[in-house]
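S.K.: The structure is given below, and queries will be raised subsequently.
Readers should treat all values here as calculations from the given coordinates under stated rules, not as data from a laboratory. Since the model is a prediction, treat every value here as computed from it, not as a measurement. Virtual Cβ from ideal backbone geometry, glycine too; neighbours counted across all protein chains shown.
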Number of protein chains: 2
Amino acid sequence: MNGAECLLRTLLANQVKVCLMNPGTSEMQFVAALDRVPEMRGVLGLFEGVCSGAADGYARISGKPAATLLHLGPGLGNALANLHNARKARSPVVNLVGEHSTGHRVHDAPLTADIEAFARPVSGWVRTLESSAAMGEAASAAVAASWGPPGRVATLIVPADFSWSEAGDPGCPAARPSRCLPAGERVREIARLLCSGQPVGLLLGGGALQLRGLRAAQRLSAATGVRVFADRHAARMTRGVGIPAVERIPYFPEAAQALLAGFERLVLVETRPPVSFFGYPGVRSSLTPVGCAFYVLASEEQDGAAALEWLAQELGAPAAVAADPPRPALPRGEPLTAAAVGRTAGALLPEGAIVSDESVSSNAEIWPHLAGAAPHEFLPVAGGAIGQGLPVALGAALACPGCKVVALEADGSAMYTPQSLWTMAREQLDVTTVILANRRYRILDIEMRRTGAGTMGPRAGQMIDLTHPEPDWIKLAEGFGVPAARATTADEFTRAFEAAMREPGPHLIEAVLG
Amino acid sequence: MNGAECLLRTLLANQVKVCLMNPGTSEMQFVAALDRVPEMRGVLGLFEGVCSGAADGYARISGKPAATLLHLGPGLGNALANLHNARKARSPVVNLVGEHSTGHRVHDAPLTADIEAFARPVSGWVRTLESSAAMGEAASAAVAASWGPPGRVATLIVPADFSWSEAGDPGCPAARPSRCLPAGERVREIARLLCSGQPVGLLLGGGALQLRGLRAAQRLSAATGVRVFADRHAARMTRGVGIPAVERIPYFPEAAQALLAGFERLVLVETRPPVSFFGYPGVRSSLTPVGCAFYVLASEEQDGAAALEWLAQELGAPAAVAADPPRPALPRGEPLTAAAVGRTAGALLPEGAIVSDESVSSNAEIWPHLAGAAPHEFLPVAGGAIGQGLPVALGAALACPGCKVVALEADGSAMYTPQSLWTMAREQLDVTTVILANRRYRILDIEMRRTGAGTMGPRAGQMIDLTHPEPDWIKLAEGFGVPAARATTADEFTRAFEAAMREPGPHLIEAVLG
């Protein structure tokens, strides 16, 4: 079989079953091979950032890598922002990039670029294939590299002639490495710390923010009084009624520092010492008190949930139950605000829903109301590169057929990868996109003041304004093939959201915020 | 004044008057400074690839750099594909990228990335600013670096604290370097070659494809019989009635090799030995005969037009006139084909129009009919990264108020940077976008066969198909604020195109090809 078929079969042998692609001439062999390897699901994106963001979303929900297939250096370039997010989310991604054939590469043709240089800043592993005979081994190595732990972007660059040449048998499946536990001495040290009577914080990230880790943390909190916090930018967090609640670190450093004041000791689980998203004049970047001591219960490579369970067992902490917050009441007869969107979503999200959040300045108003929603998975901004929300929703829907996916999307952010809507329509994915339309890069109004840039003059204001013209999200969605509705009151929004929750398939609701 | 104001004032002192921006928190000071430096025109793009592609188009038409303003590593990532094109077009671009403040950068916050690593593959010059006091000098150095010659992308990375701190006076303007002439011995050697009676080809690129160079080449051709060819991927080519015609190198290597067969000697003017766009099994990448000798009349750094004039003078070649092709007849009562689009455009383009071409598989049918159009500037694909056509048209319109700009855009390619339409609407730019809607990545049907990938199976076909769903370009354009019309016959297209040529401002015509 040729190299392209060998690669697809090697991916399948490694349980990589979805390939998000935007192919060109140098990837034609992969496209052709889809008919010989029908178990591989090829999903077309009209823009590469859709593919890379979807691979991130797929990994966050399935825990497994999807493959991307990108066209040369510029195709990879278009994928980089969402690969940055995947890197920060520690999502495993098998990132395949076609390259000119080896004979052609030396000629500096128009599309020739330094693909490895593009790939390195976002990849934990980069390799340019050396021969067609190495295809199977290299593809398995790429999958293995993507597993980590922690998960990472593994970029395999494939010269076209190695795709069209004979490549022999597929590679052997790579063994999935298991995550280690911390040393017993470390667990006992932290157990003693929690019993010391000093105020201690417990900061969870990574896999520790799913049910098992949250339950163990709840036992610890009930038994010792330790305060449990969540890394705001962890890839995934389970939340809702019946799920132990944790306190999320606020976005702005002053609020975060106020929350963490008094915690001179912080236990870290699959995360690092918390820092501010941006730096500001005269504000510390570190969110913990000066001189705070950090205790790593589980590093990003280790199994945080199992470590928390061990710690709970060490302390003899019994199972704990906390009072659930009430399910929010639907807003009625109100103007449409981000809070109203949050209440409606909190009231109507079905159990097992997935929320992809890129609501930016609206998030603070929405977030509290989802605490009382049915249990759901919350996928926040991980790397901060805008244009993540829609592709991550797309990938989550691919990973979990039968799950209702809701993308909470700021209107500015939605403009970076709106082509995601087309793939949602083509694949008939069960994604409801809510556009939080305040017609502005609202967060920048706040950041303008915070960075000391002074008052917003009229010319500055134009650079933050999304009216003149006002994008029409109904037309944009329909132009991409997704049915859409506009809501200007809370009741209209509730009706549209209710309908979208009832009817599978892609929907878009433009929530015009008052 | 603070660093941001110092930078803008230094750019202005260097005649850089337009800044294409998609700012975030780390660039707020630049946004605020727009009100203190009103001579700087800030133009907002909703996606960074719009900004970088527009800077390329601006440079191709004005010959001067525009500035971009991008948000951290991921913002730069989104701009890379069109910066790749700018690099290949040798367009001067002052590429400004905000960075976390120096105190914050060390904390590995979510948006932290290796910005220099992102920048290097597309930049001829990269510098991370070392202090606010260095702002003026660094900004002038960036402009100077962008000039080249040849023009290049100069990336200046600006930590946020250097924007908000005191920076002193603006930098001194950089002197614009002039392009050199070749050595006299070289000119005389090539003059002897042209008189030798051997078949010689003359391949023009860069600035040699504008009026002065074309006229000199025409004199040489008339006097010596030298065949004059055009680099297909040069940034800009003047064309139409009254402009000396040259033969463009075909896209596919077999046709190009057939055209150049027999030319064992090729004189190069601001270009390099021609190579195929892609490599194919069993096909040579070089387009010239094996053993072809190359004679560099002017390198990419030198002044090709002046060198051609010198050569013509050396040979005593008199002014020459060639018969102009007729203006094409408007198609009537015909189905809408790419050729019909070409005839209508050829018949109706006003003098001085600018054509941004990303028509891909439709180009071969359109191209011949523009030969008889009124004199115009043709901006082809330079680096091959898809998503160039609309932003380049946008930038060209910014560079040349009063010029009619026409973007000939394949429907697949238009999907990479459709956000360009919004900026065209906001700035009310005189750009008519023609979407050549064949609902397919048509070029890949051809490339699939050419790369030996075999017949197109149904699953492969899905990856090249743009129906299911069919994008609705009328709704997309209107969603971005651009009035739009759909044409399904040649007559409908002509009516819509005529109206767009008559009425200034942005228009989109979806040409549904039969």
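S.K.: As an exercise, use a Förster radius of 41 Å and the Cβ-Cβ distance of B:L211 and B:A183 to find the FRET efficiency, rounded to the nearest 0.05.
M.R.: Once rounded, the FRET efficiency stands at 0.95.
S.K.: So if R0 is 22 Å, what FRET efficiency would A:L12 and A:A133 give, r being the distance between their Cβ atoms, rounded to the nearest 0.05?
M.R.: 0.65
S.K.: Which residues in segment B:470-490 place their backbone N less than 14 Å from a point set 7 Å from the Cα of B:E503 along the Cα-to-Cβ direction?
M.R.: B:478, B:482-486
S.K.: What is the residue of chain A with the smallest Cβ distance to the axis taking A onto B, and what is that distance in whole Å?
M.R.: Nearest-to-axis residue on chain A, with distance in whole Å, is A:K475, 2.
S.K.: Sequence-distant or interchain residues sharing an amide H contact under 5 Å with B:A407, placed H: which?
M.R.: The list, which skips near neighbours in sequence, is B:S356, B:T432, B:T433, B:V434.
S.K.: Further question on the same structure: Can you list the copy-to-copy distances for A:T488, using a point 7 angstrom from Cα toward Cβ, in nanometres, shortest first?
M.R.: Spelled out, the distances from A:T488's label point are 3.3 nm.
S.K.: Same structure again: Would you mind telling me the antiparallel percentage of the DSSP bridges in the protein assembly as shown, rounded to 5?
M.R.: 10
S.K.: Along Cα-to-Cβ, 7 Å out, sits the label point; list in nm, shortest first, how far the one on A:E301 is from those in the other copies.
M.R.: Reported distances to equivalent positions: 4.9 nm.
S.K.: Here's something else I'd like to know. Counting Lys and Arg as +1 and Asp and Glu as -1, each charge on the Cβ, what is the dipole of segment B:472-514 about the Cα centre in debye, to the nearest 20?
M.R.: 40
S.K.: Ordered shortest first, which distances in nm separate the 7 Å Cα→C-beta label point of B:S178 from those of the other copies?
M.R.: 7.6
S.K.: Students often forget the sequence filter, so: which lysines lie under 22 Å Cα-Cα from A:K475 once same-chain residues fewer than 8 apart are removed?
M.R.: Correct list for A:K475: B:K475.
S.K.: Quick one: work out Rg over Rh on the C-alpha atoms of the protein assembly as shown, Rh as Kirkwood radius.
M.R.: Here the Rg-to-Rh quotient is 0.99.
S.K.: Still on this structure, I have one more. For B:T128, enumerate residues with amide H under 5 Å from its amide H, sequence gap 5+ or separate chain, H modeled in the peptide plane.
M.R.: B:I157
S.K.: Based solely on its DSSP helices, what 222 nm [θ] is calculated for the protein assembly as shown when runs of n ≥ 4 H residues each add -39,500 (n - 2.57) and the sum is averaged over all residues, nearest 500 deg cm²/dmol?
M.R.: About -11000 deg cm²/dmol.
S.K.: Then there is this: What does the charge count near A:G240 come to, summing +1 for each Lys or Arg and -1 for each Asp or Glu among other residues with Cβ under 10 Å from its Cβ?
M.R.: With Lys, Arg at +1 and Asp, Glu at -1, the neighbours total -1.
S.K.: Tally Lys/Arg at +1 and Asp/Glu at -1 over every other residue whose Cβ is under 9 Å from the Cβ of A:T128; what's the total?
M.R.: -2
S.K.: With a point put 7 Å past each Cα toward its Cβ, work out how far A:R439 is from A:C292 in nm, to one decimal.
M.R.: 4.1
S.K.: Continuing with this model, one more query. Work out the charge dipole of segment B:434-485 with +1 on the Cβ of Lys and Arg and -1 on the Cβ of Asp and Glu about the Cα centre, then indicate which of B:G479, B:V434, B:L444 is farthest towards its positive end.
M.R.: B:L444
S.K.: Given R₀ = 35 Å, what would the calculated FRET efficiency be for A:A117 paired with A:R495, taking r from the Cβ atoms and rounding to 0.05?
M.R.: About 0.10, to the nearest 0.05.
S.K.: Size of the dipole of segment B:3-164 about the Cα centre, Lys and Arg at +1 and Asp and Glu at -1 on the beta carbon, nothing else charged, in debye to 20?
M.R.: Magnitude of the dipole: close to 700 debye.
S.K.: Could the peptides A:385-395, B:64-74, B:30-40 be put in order, highest first, of the mean number of other beta-carbon atoms found within 10 Å of their residues?
M.R.: A:385-395, B:64-74, B:30-40
S.K.: So what J values fall out for segment B:446-457 if you push phi through Karplus, 6.51 cos²θ - 1.76 cosθ + 1.60 with θ = phi - 60°, rounded to Hz, Gly and Pro as x?
M.R.: Working through the residues one at a time gives 6, 5, 4, 5, 5, 7, x, 7, x, 6, 8, x Hz.
S.K.: While we're looking at this one, here's another question. Using a 7 Å offset from Cα along Cα-Cβ at B:C172, what residues in segment B:128-153 end up with backbone N under 15 Å from the label point?
M.R.: Under cut-off, by backbone N: B:136-142, B:144.
S.K.: Starting from the 7 Å offset along Cα-to-Cβ, what nm value, one decimal, do you get for the label separation of B:E470 and B:A329?
M.R.: It is 3.1 nm.
S.K.: Just to confirm the filter: which GluC sites (Glu not before Pro) across segment A:129-195 are DSSP coil and have at most 15 other Cβ within 10 angstrom of their Cβ?
M.R.: Sparse-neighbourhood loop GluC sites (Glu not before Pro): A:E130.
S.K.: In debye, nearest 20: dipole of chain A around its Cα centre with unit charges on the Cβ of K, R (+) and D, E (-)?
M.R.: That gives a dipole near 1260 debye.
S.K.: Next up: Could you tell me which residue out of B:Q218, B:C195, B:G282 lies farthest along the dipole of segment B:184-314 toward its positive end? Charges go on the beta carbon: Lys and Arg +1, Asp and Glu -1, centred on the Cα centre.
M.R.: So the residue we want is B:Q218.
S.K.: Another question, if that's okay. Among residues other than A:S140 whose Cβ falls under 13 Å from its Cβ, what is the net charge (Lys/Arg +1, Asp/Glu -1)?
M.R.: Local charge sum for A:S140: +1.
S.K.: To continue, here is another question. With no solvent and one point on each alpha carbon, what is the Debye value of log10 I(q)/I(0) for segment B:147-233 at q = 0.10, 0.12 Å⁻¹?
M.R.: -0.48, -0.59
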